[in-house]
Every structure is written in C-alpha cells, then in structure tokens.
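A.B. asks: Supplied in structure tokens, the structure appears directly below.
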Amino acid sequence: MLAELTFTDLGIPFALFDAPVSEAAEYKGQGRCSLCSKEALHCFEAGIGDDVIVPCPRCAAEVGLDADARSGGTCAACGAGVGFPDLGDSTVLACYGCLRSGRLALKKDTELGMIRLARGHARRAGSQSSRL
C-alpha cells in the first residue's frame with residue numbers, strides 16, 4: 001500500500017524525511033512539472049508558504065517567490081525586482097528533480113515547528129547549500 005511506503009522505497013529519497021508518503025500531503029504522484037514542463041512519475045504540489053526559486057535577472061542570486069500568491073519580489077542581494085515566472089493558471093507542481101535541484105522550496109510542519117524558506121532569501125548563483 002502506497003501510504004505505508006517511504007520516499008526511499010519509491011526511489012526518491014529525502015535525507016531528513018523518512019516518514020511514510022502519507023505524511024507528505026504535498027506529494028501528488030504522477031503529473032506534469034510546472035517548472036521543467038516534463039511528465040514525471042513523482043510530483044509535489046506547491047501551496048501556501050511554499051516558494052518557487054528563480055534567478056535574479058541582475059545578479060543571478062536565487063530568489064524565493066511566493067508560489068501561492070504568484071507575485072514577484074525583490075532580490076535581497078542586489079535589490080532588483082524579480083518577476084514571477086509564467087507557470088500558467090493550474091496548480092504549481094514540481095517533479096522530484098526540480099525539487100531536489102532547489103527550484104521549489106516546500107514548507108514542512110515538524111514537531112519543532114514550521115520549517116520554510118525565509119522571505120527575502122537570496123543565494124549567490126553557484127553557491128552550495130544543503131537540501132532536504
């Protein structure tokens with residue numbers, strides 16, 4: 001039964017999340033990724049508090065933009081305006097590859113509280129960070 005399987009069992013591991021798939025409400029299974037436009041076996045739905053990560057057009061720093069509001073923002077690194085990408089009108093889905101490469105930041109409620117990308121987040125292009 002899918003509800004008892006973990007993401008590791010499905011071949012899409014997350015180092016810090018090894019609970020049953022049923023504990024991840026954002027997991028939607030097969031779908032078309034809004035970010036790379038590919039059909040994917042494993043997709044995750046962006047919701048309230050989640051961010052689409054886009055490069056700043058001026059300095060290339062990564063900027064988190066509210067996936068639910070679908071509005072642009074300001075790059076924390078250089079102050080440039082950053083527009084929200086045209087992802088159509090449907091639900092924002094990210095395939096496992098796009099999620100793991102950092103193109104979508106999902107929030108996660110834990111026993112210790114909510115974990116999410118800080119608003120105003122900016123990271124220089126090419127820098128490394130740990131990904132869940």
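A.B. asks: From GLY31, GLY47, which residue is under 19 Å from SER101 (Cα atoms) and surrounded by 15 or more Cβ atoms within 10 Å (Cβ to Cβ)?
C.D. replies: Numbers: GLY47 fails: surrounded by 15 or more Cβ atoms within 10 Å (Cβ to Cβ).
Among GLY31, GLY47, only GLY31 is under 19 Å from SER101 (Cα atoms) and surrounded by 15 or more Cβ atoms within 10 Å (Cβ to Cβ).
A.B. asks: Checking PHE44 against (1) more than 26 Å from GLU4 (Cα to Cα); (2) under 13 Å from the mean Cα position of the chain (by Cα), which test does it fail?
C.D. replies: For PHE44, the failing item is (1).
A.B. asks: Now for a different question. Working carefully through the options THR8, THR91, find the one that is within 14 Å of the chain's Cα centre (by Cα) and part of a loop (DSSP other than H, G, I, E, B).
C.D. replies: Working: THR8 fails: within 14 Å of the chain's Cα centre (by Cα).
Only one candidate passes the filter, namely THR91.
A.B. asks: I need the full set of residues from segment 90-114 which are of a type in the set (Val, Ile, Thr) and either crowded, with 20+ Cβ neighbours inside 10 Å or at pLDDT below 75 (or both), in order please.
C.D. replies: Keep residues of segment 90-114 that are of a type in the set (Val, Ile, Thr), which gives 91-92, 110.
Residue satisfying the conditions is VAL92 alone.
A.B. asks: Would you please name the residue that is nearest to TYR96 (Cα to Cα), looking only at residues in segment 1-23 that are at pLDDT below 90 and loosely packed, with under 10 Cβ neighbours inside 10 Å?
C.D. replies: Per the stated criteria, the residue is ALA15.
A.B. asks: If you take the residues of segment 25-35 that are out of contact with any Lys or Arg (no Cβ under 8 Å at 6 or more places or on another chain) and in a loop (DSSP other than H, G, I, E, B), which of them is nearest to GLY72 (Cα to Cα)? Steps first, please.
C.D. replies: The initial filter retains those residues of segment 25-35 that are out of contact with any Lys or Arg (no Cβ under 8 Å at 6 or more places or on another chain), namely 25-31, 33-34.
Adding the requirement that they be in a loop (DSSP other than H, G, I, E, B) leaves 25-26, 33-34.
Working: ALA25: 26, GLU26: 23, CYS33: 20, SER34: 17 Å.
Only one residue tops the list, namely SER34.
A.B. asks: Sticking with this structure for a sec: Considering only segment 12-40, state which residues are free of Cβ contacts under 8 Å to residues at least 24 places away in the same chain and farther than 24 Å from THR110 by Cβ.
C.D. replies: If the condition is that a residue be free of Cβ contacts under 8 Å to residues at least 24 places away in the same chain and farther than 24 Å from THR110 by Cβ, then GLN30, SER37, GLU39 are the ones that fit.
A.B. asks: Now for a separate question. For GLY49, are the conditions met, namely being part of a strand (DSSP E or B) and either modelled with pLDDT of 95 or more or in contact with a strand residue (DSSP E or B) (Cβ under 9 Å, 6 or more places away or on another chain) (or both)?
C.D. replies: Values: part of a strand (DSSP E or B): no; either modelled with pLDDT of 95 or more or in contact with a strand residue (DSSP E or B) (Cβ under 9 Å, 6 or more places away or on another chain) (or both): yes.
So GLY49 does not fit the description; no.
The values are calculated or read from the model by the stated rules, or taken from the named source; none is laboratory data. Values in this document were obtained by computation on a predicted structure and should not be read as measured data. Note that each Cβ is placed from the backbone with ideal geometry, even for glycine, and that neighbours are counted across all protein chains shown.
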